[in-house]
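Right, one structure below, let's go through it.
Please treat every number below as a calculation from the coordinates, not as lab data. These figures come from a predicted structure and were not determined experimentally. Using ideal geometry, Cβ is built from the backbone for each residue, glycine included, and neighbour counts are taken over all protein chains shown.
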Amino acid sequence: MCRPSWSRALTTAQRLSDLARLRRVRDRIDRDYAQPLDVEALARGAHMSAGHLSRQFRLAYGESPYAYLMTRRIERAMALLRRGDLSVTEVCFAVGCSSLGTFSTRFTELVGIPPSAYRRGTAGAAAGMPPCLAKQVTRPIRSHQAPVREPQPA
């Protein structure tokens, strides 16, 4: 049976509305990554249930809102660690993580090496490189695709 045209228009309008709300959620994560954010709070701000937000966000962006948030935090952590003037613990809290263990685990999953090894090995590595290029070159790999590197002897 064919759907009436008003039903298709309503469905399209709802999808566009959802996409606009998802974009605002993504923008909020990009802007407020260092703040305490969780899927429930993001969903409330988007006037969606947490489950609906998670499903729609994954469909639109290929990962959950939490994974996207953690990727943003790890990207910022990488930049702070490259500077070399903060400890791993200071960086962890500066990017909004409340657990050093969770931060280190997620960092290692995305980057392929622990944050302390990254700090030692890359401090000043992007010096002189334009920030837009440094961000592209040092972007973490998503979805657990980072190669596991063997620890290098000191």
Cβ-Cβ under 7 Å, sequence separation 6+ or interchain: first residue in the stretch 19-30 and farther than 10 Å from PHE57 by Cα, partner among the aromatic types (Phe, Trp, Tyr) and in a helix (DSSP H, G or I). Which pairs? ILE29/TYR68
Only one of these is in contact (Cβ under 8 Å) with a residue 40 or more places away in the chain and more than 27 Å from CYS132 (Cα to Cα): SER49, SER98, SER54. Name it. SER98
State all residues of the stretch 25-75 that are within 9 Å of the chain's Cα centre (by Cα), buried (at least 17 other Cβ atoms within 10 Å of the Cβ) and part of a helix (DSSP H, G or I); if no residue qualifies, say none. ILE29, PRO65, ALA67, TYR68, LEU69, MET70, THR71, ARG72, ARG73, ILE74, GLU75
